[in-house]
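Visitor: Please see the structure below; I have some questions.
The values are calculated or read from the model by the stated rules, or taken from the named source; none is laboratory data. It should be emphasised that the depicted structure is a prediction, and the values quoted were computed from it without experimental measurement. Cβ coordinates were reconstructed from backbone atoms using ideal geometry, including for glycine residues, and neighbour counts include every protein chain displayed. SASA here: full protein model, heavy atoms, side chains in, ligands and nucleic acids out. Shrake-Rupley method; radii C 1.70, N 1.55, O 1.52, S 1.80 Å.
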Amino acid sequence: MNEPLHTLAQASQHAQDIRKSRFLAQAAPVESPEQALAFLREIADPAATHNCWAWRIGQDYRFNDDGEPGGTAGRPILQAIEGQGMDHVMVVVTRWYGGIKLGAGGLARAYGGTAAECLRLAERVPLIAMAHLATRCDFAEHALFRARLKELGAEIEQEHFEADGVSLRFRLPQDRVDEVRQRITDLSRGRSEVCVLE
């Protein structure tokens, strides 16, 4: 069985000096490409020689060598993300050149190694596939529905009070969908259904 993927609990960083060049890896959990690029804009140092980066969000990924020879920075950072079993992560490795050329292999090891160590040392949390669902209930059942959903690990995203009851939108771990369907059916004596939203 495959190991579950992880993301970062919070932003993390790791610095090291390699042959007089300073490398600083900064990583953060991200939910979208826009969030990844916003993190880059926030932490990139315009005074540095290079700000190389990579992100992975599910099947989507991007990387950039920022002026380093092709394939020596962005791709090794992405490989570090994958090698550490991470997802929904952006890593930026900033380099301040120290006067000694590292060569293509040395650059790949420096960028990839700094990124990998940053991720290895960071606090991580497992990524859990979430499902978005909706249901309706009578006013009299509302408090009970909320309590049972919370017990099942659901997070209520929206409640809409209408003339004849309450519509609820919520999310919970994918592996609890069948359980929540059964629980809602039982609580409402078959009057309420749970719909999975896309």
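Visitor: Checking the conditions here, which among G83, G70, G106 is within 26 Å of A129 (Cα to Cα) and surrounded by fewer than 20 Cβ atoms within 10 Å (Cβ to Cβ)?
Guide: One residue alone meets the criteria, G83.
Visitor: Checking E123 against (1) within 22 Å of W55 (Cβ to Cβ); (2) surrounded by 14 or more Cβ atoms within 10 Å (Cβ to Cβ): exactly one of these is not met. Which one?
Guide: Answer for E123: the failing condition is (2).
Visitor: May I ask you to list the residues in segment 40-61 that are open to solvent by less than 30 Å² (accessible area, probe 1.4 Å) and small (G, A, S)?
Guide: A48, A54, G58
Visitor: If you don't mind, there's one more thing I want to ask. Is it the case that Q13 is open to solvent by 30 Å² or more (accessible area, probe 1.4 Å), touching a Lys or Arg at 6+ places or on another chain (Cβ under 8 Å) and not aliphatic (A, V, I, L, M)?
Guide: Working: open to solvent by 30 Å² or more (accessible area, probe 1.4 Å): yes; touching a Lys or Arg at 6+ places or on another chain (Cβ under 8 Å): no; not aliphatic (A, V, I, L, M): yes.
Against the criterion (open to solvent by 30 Å² or more (accessible area, probe 1.4 Å), touching a Lys or Arg at 6+ places or on another chain (Cβ under 8 Å) and not aliphatic (A, V, I, L, M)), Q13 does not qualify.
Visitor: Within segment 42-74, which residues are out of contact with any Asp or Glu (no Cβ under 8 Å at 6 or more places or on another chain) and closer than 13 Å to R95 by Cα?
Guide: Once the filter is applied, which keeps residues that are out of contact with any Asp or Glu (no Cβ under 8 Å at 6 or more places or on another chain) and closer than 13 Å to R95 by Cα, segment 42-74 yields I43, A44, D45, P46, A47, A48, T49, D65, D66, G67, E68.
Visitor: Let me ask something additional. Go over the candidates Q174, Q158, Q182 one by one and state the one that is farther than 27 Å from H6 by Cβ and under 24 Å from the mean Cα position of the chain (by Cα).
Guide: Sole residue among the options that is farther than 27 Å from H6 by Cβ and under 24 Å from the mean Cα position of the chain (by Cα): Q158.
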